[in-house]
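The values are calculated or read from the model by the stated rules, or taken from the named source; none is laboratory data. Everything quoted here is computed from the prediction, not taken from an experiment. Cβ: placed from backbone, ideal geometry, glycine included. Neighbour counts: every protein chain shown. Surface areas here come from the heavy atoms of the whole protein model, side chains and all, with no ligands, DNA or RNA. Shrake-Rupley method; radii C 1.70, N 1.55, O 1.52, S 1.80 Å.
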Amino acid sequence: QVRLVESGGGLVQPGGSLRLSCAASGRIVSFIAMGWYRQAPGKSRELIAGITPNGTTNYADSVKGRFTISRGNDGKSMTLQMNGLKPDDTAVYYCNANIRYVGDTLPQNYWGQGTQVTVSS
C-alpha cells in the first residue's frame, strides 16, 4: 500500500521549472513533512530541502535560491517548487514524512515512491 504518492516529475529543458507534489493517503492522525531527497545515477540519496514542524526550511547549497519546499494547507501534503533547473538536477526525487495513522501508537517514517526529473535540451 502506497502511503506517500508523488507527482510532477518529467522532462524539462535547462532553465525550466517543475513542481513536485507529495500527498499522504489513508486515515491520518498526524502528518509531519520532513523533506525532499534526490538520487542521481551512481550517487547516494541526498537531502536537498528540509522543513521543520515550525516551518523553518533548509536547503542544500546546490539548490539554494532555486528550489522551495512548502507544506500543503490540507495538512497531509508537501511540494517542491524547482526553478532554474540544470542538467545536474537530473535524478529521482523522493519525499519523506513522519505519519501517524489511525491505530498507530507512534508516527512512522515513510518515503514516496520516487519521481524522475530529467533536465536536458
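For the range 1-31, the set of residues classified as part of a strand (DSSP E or B) and either among the hydroxyl-bearing types (S, T, Y) or free of Cβ contacts under 8 Å to residues at least 12 places away in the same chain (or both) consists of S7, S21, S30, listed by residue number. Could you go through the range 38-47 and let me know if any residue there is acidic (D, E) and open to solvent by 60 Å² or more (accessible area, probe 1.4 Å). Yes: one or more hits. Select from the range 55-80 the residues that are assigned to a strand (DSSP E or B) and closer than 14 Å to L20 by Cα and list them in ascending order. If the condition is that a residue be assigned to a strand (DSSP E or B) and closer than 14 Å to L20 by Cα, then F67, T68, I69, S70, R71, S77, M78, T79, L80 are the ones that fit.
Output yes when any residue across the range 82-92 is among the small types (G, A, S) and crowded, with 16+ Cβ neighbours inside 10 Å, and no when none is. Yes. Take the conditions (1) part of a strand (DSSP E or B); (2) open to solvent by less than 40 Å² (accessible area, probe 1.4 Å); (3) within 19 Å of G8 (Cα to Cα); Q116 misses just one of them, which is (2).
Looking only at the range 54-67, decide whether some residue is open to solvent by 50 Å² or more (accessible area, probe 1.4 Å) and at positive phi. Checked against the condition, which is being open to solvent by 50 Å² or more (accessible area, probe 1.4 Å) and at positive phi, the range 54-67 yields at least one hit.
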